[in-house]
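What follows is a set of notes on a single structure, which appears directly below.
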Amino acid sequence: MAARFKMKRKGVGQLLRSPAMQAAMLGRAEVIKGVAVALSPVSEGGPHPGHYKESWETDSTARGGRRRDRAVGYVRNSAYYARWVEYGTERVPAHHVLLRAAQLGGPNQ
């Protein structure tokens, strides 16, 4: 006898917002954060040596995504100049730390 499966959208939504899924997304964010810390540039002669590297943080929520219908994990840098390190300026080249961290730490582990 063949098995039967009937998908219910409500059940899939509950699965996507479950604490287990939220924990999995936070775990993935922690992996990406670890790679970002390793890739972070440190300006020894600058006014805040190591501040950018120490400013990485992670978080997760059960109501994320475009429609706020799934668990997501966030990786962010709280240094005020993090945007300039990531994307560069006319004087400083872009480092793309978060982009490279997501590419290296994001694939299934």
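The values are calculated or read from the model by the stated rules, or taken from the named source; none is laboratory data. Nothing here was measured: the structure is a model prediction, and the numbers come from that model. Ideal geometry is used to build each Cβ from the backbone, glycine not excepted, and the neighbour counts take in all protein chains shown. With ligands, DNA and RNA removed, areas are computed over all heavy atoms of the protein, side chains included. Shrake-Rupley method; radii C 1.70, N 1.55, O 1.52, S 1.80 Å.
Key figures for this structure:
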{"quantity": "Mean separation of Cα contacts under 8 Å (6+ apart) over length of the chain, as relative contact order %", "calculated": "28"}
{"quantity": "Distance in nm between pseudo-label sites at residue 103 and residue 91 (7 Å out along the Cβ direction from Cα)", "calculated": "2.8"}
{"quantity": "Carbon/sulfur fraction of accessible area - the chain, other protein chains in place, 1.4 Å, %", "calculated": "55"}
{"quantity": "Three-way shape call for the chain based on the alpha-carbon gyration tensor, with the a/c threshold at 1.5", "calculated": "prolate"}
{"quantity": "Per residue value of the accessible surface for the chain (all protein chains in place, 1.4 Å probe), Å²", "calculated": "74"}
{"quantity": "Structure-based [θ]222 nm, the chain - -39500 (n - 2.57) summed over DSSP H runs of at least 4, per residue, nearest 500", "calculated": "-12500 deg cm²/dmol"}
{"quantity": "Estimated distance in nm for a label pair at residue 18 and residue 61, the labels positioned 7 Å out from Cα along Cα-to-Cβ", "calculated": "2.3"}
{"quantity": "Segments 11-19, 56-64 sorted - mean Cβ within 10 Å per residue, highest first", "calculated": "56-64, 11-19"}
